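Novice: Have a look at this one before I ask anything.
The values are calculated or read from the model by the stated rules, or taken from the named source; none is laboratory data. None of the values given here were measured: they were computed from a predicted structure. Note that each Cβ is placed from the backbone with ideal geometry, even for glycine, and that neighbours are counted across all protein chains shown. Note: areas computed on protein heavy atoms with side chains; ligands, DNA, RNA excluded. Shrake-Rupley method; radii C 1.70, N 1.55, O 1.52, S 1.80 Å.
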Amino acid sequence: HGLQGRSEPVVRRGDTVEISVEGDSFGVTASGIAMDDGAPGQSVRVKLGGNNTQSSGIVIGPGAVSFSR
C-alpha cells in the first residue's frame, strides 16, 4: 500500500462520527466514537453504541465513516 500524499486527518480520536452501512438493497446510518485519527480512505476503529462494540470502517469525509459488508 503506497502512501497517497500526506492527507490530513478529517476524523480525530474521540470524535462522534456518522457511520453508514450500505447493503444491496438498504442503507443504515448510526453514530459512533472514532478510536483513531484518519484521513479519507484510511481505516479507523469505531466504538458503536453503549456496549463497547468496536468495528473498523473507512473514512469517507469529515466526521463520516463507511462500513461495507
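Novice: Can you pull out the residues in segment 16-35 that are surrounded by 15 or more Cβ atoms within 10 Å (Cβ to Cβ) and touching an Asp or Glu at 6+ places or on another chain (Cβ under 9 Å)?
Specialist: 32, 33, 34
Novice: Also, quick follow-up: If you check residue 13 against the conditions, is it at pLDDT 95 or above and either open to solvent by 90 Å² or more (accessible area, probe 1.4 Å) or of a type in the set (D, E, K, R) (or both)? Write out each step before concluding.
Specialist: Details: at pLDDT 95 or above: yes; either open to solvent by 90 Å² or more (accessible area, probe 1.4 Å) or of a type in the set (D, E, K, R) (or both): yes.
So residue 13 passes the test.
Novice: Quick test for you: out of 38, 61, pick the one residue that is closer than 14 Å to residue 7 by Cα, of a type outside the set (A, V, I, L, M, F, W, C) and surrounded by 17 or more Cβ atoms within 10 Å (Cβ to Cβ). Spell out the reasoning first.
Specialist: Numbers: 61 fails: surrounded by 17 or more Cβ atoms within 10 Å (Cβ to Cβ).
Sole residue among the options that is closer than 14 Å to residue 7 by Cα, of a type outside the set (A, V, I, L, M, F, W, C) and surrounded by 17 or more Cβ atoms within 10 Å (Cβ to Cβ): 38.
Novice: Do any residues in segment 44-69 that are on the phi > 0 side of the Ramachandran plot have Cβ atoms under 8 Å from those of residues that are in a strand (DSSP E or B), where the two are at least six apart or on different chains, and which pairs are they?
Specialist: Pairs found: 49/30; 49/32; 63/11; 63/16; 63/17; 63/18.
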